[in-house]
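The block underneath contains the structure these notes are about, expressed in structure tokens.
The values are calculated or read from the model by the stated rules, or taken from the named source; none is laboratory data. This structure is a prediction, so every number in the text was calculated from the model and none was measured. Using ideal geometry, Cβ is built from the backbone for each residue, glycine included, and neighbour counts are taken over all protein chains shown. Accessible surface areas use protein heavy atoms only, side chains included; no ligands, DNA or RNA. Shrake-Rupley method; radii C 1.70, N 1.55, O 1.52, S 1.80 Å.
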Amino acid sequence: MRQFNPSLLVAMPGLEGYFEHSIILLCDYTPKSASGFVINVPTPFLIKDVLKPDIGCQIDSPLLLGGPVQSDFFWSLHSNDFCDDNTAFITPKLSLSPLPVVIDAIMQKQGPKEYHFGCGYAGWGENQLDDEIKQGAWWLTEIDYDIAFAKHHKQRWLQLMQALGIDPDISYMDQNFNA
């Protein structure tokens with residue numbers, strides 16, 4: 001069985017449609033399925049605007065569009081300085097918790113120092129992601145926290161392409177990557 005560590009899945013130049021210019025924190029990748037969270041596509045909504053006004057939340061962070069699956073699933077990726085019974089450890093620096101749990105902790109001044117909020121996730125069926133990677137649609141790489149979680153969501157993809165040494169003006173979709 002394949003050993004997998006959480007990674008970044010980066011949309012290659014030429015990938016069009018929903019995942020164009022996406023960076024996905026890939027949390028699960030087995031022969032049967034794969035799933036993760038798009039971390040660079042903000043919605044036009046701020047957290048303080050999507051919560052009920054009587055809550056009094058003043059968090060100006062955008063709500064990220066984590067993927068097309070289960071858009072009513074609200075999550076928070078955050079630093080490991082916060083943990084509760086609903087928190088899932090992802091890496092030594094990063095955890096996943098339900099959004100309401102983290103919002104409550106932040107409002108009580110007990111939340112994580114770094115956090116990102118989103119809804120939905122990306123998912124693939126059996127061998128689907130393997131096939132897309134072989135076709136050149138995606139690049140799988142280690143997590144670069146400085147770029148992947150920088151404040152400027154829309155610039156993350158270009159910065160990551162440059163860090164990987166990939167020219168974003170070249171389409172890689174038609175090239176054969178089989179070694």
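Go through (1) under 16 Å from the mean Cα position of the chain (by Cα); (2) farther than 30 Å from L15 by Cα; (3) part of a helix (DSSP H, G or I) one by one and return the number of the condition L129 breaks.
Condition (2) is where L129 drops out.
For residues in region 7-30 being at positive phi and small (G, A, S), which is surrounded by the fewest Cβ atoms within 10 Å (Cβ to Cβ)? Show your work before the answer.
Initially, region 7-30 is screened for residues at positive phi, giving 14, 17, 21.
Checking the rest, the ones that are also small (G, A, S) come to 14, 17.
Values: G14: 15, G17: 7.
Checked region 7-30; the qualifying residue surrounded by the fewest Cβ atoms within 10 Å (Cβ to Cβ) is G17.
Condition first: among the aliphatic types (A, V, I, L, M), touching a strand residue (DSSP E or B) at 6+ places or on another chain (Cβ under 8 Å) and part of a helix (DSSP H, G or I). Now tell me which residues in region 153-170 satisfy that.
From region 153-170, those among the aliphatic types (A, V, I, L, M) are 158, 160-161, 163-164, 166, 170; that's our starting set.
Checking the rest, the ones that are also touching a strand residue (DSSP E or B) at 6+ places or on another chain (Cβ under 8 Å) come to 160-161, 164, 166.
Matches in region 153-170: L160, M161, L164.
Where in region 21-89 are there strands (runs of 3 or more DSSP E), lying fully within it, with 1 or more residues that are of a type in the set (D, E)? Outline the logic, then answer.
Values: elements: 23-29, 34-38, 42-46, 62-65, 69-79.
Hits in region 21-89: 23-29, 69-79.
Name the one entry in Y145, Y121, Y115 that is open to solvent by less than 70 Å² (accessible area, probe 1.4 Å), among the aromatic types (F, W, Y) and more than 23 Å from V50 (Cβ to Cβ).
On the way: Y121 fails: more than 23 Å from V50 (Cβ to Cβ); Y115 fails: more than 23 Å from V50 (Cβ to Cβ).
Going through Y145, Y121, Y115 in turn, just one is open to solvent by less than 70 Å² (accessible area, probe 1.4 Å), among the aromatic types (F, W, Y) and more than 23 Å from V50 (Cβ to Cβ): Y145.
Can you name every residue in region 81-104 that is open to solvent by 40 Å² or more (accessible area, probe 1.4 Å) and within 16 Å of the chain's Cα centre (by Cα)? Please lay out each step first, then the result.
If we filter region 81-104 for residues that are open to solvent by 40 Å² or more (accessible area, probe 1.4 Å), which is where we start, we get 81, 83-86, 88-89, 92-93, 98, 100, 104.
The answer is A88, F89, K93, P98.
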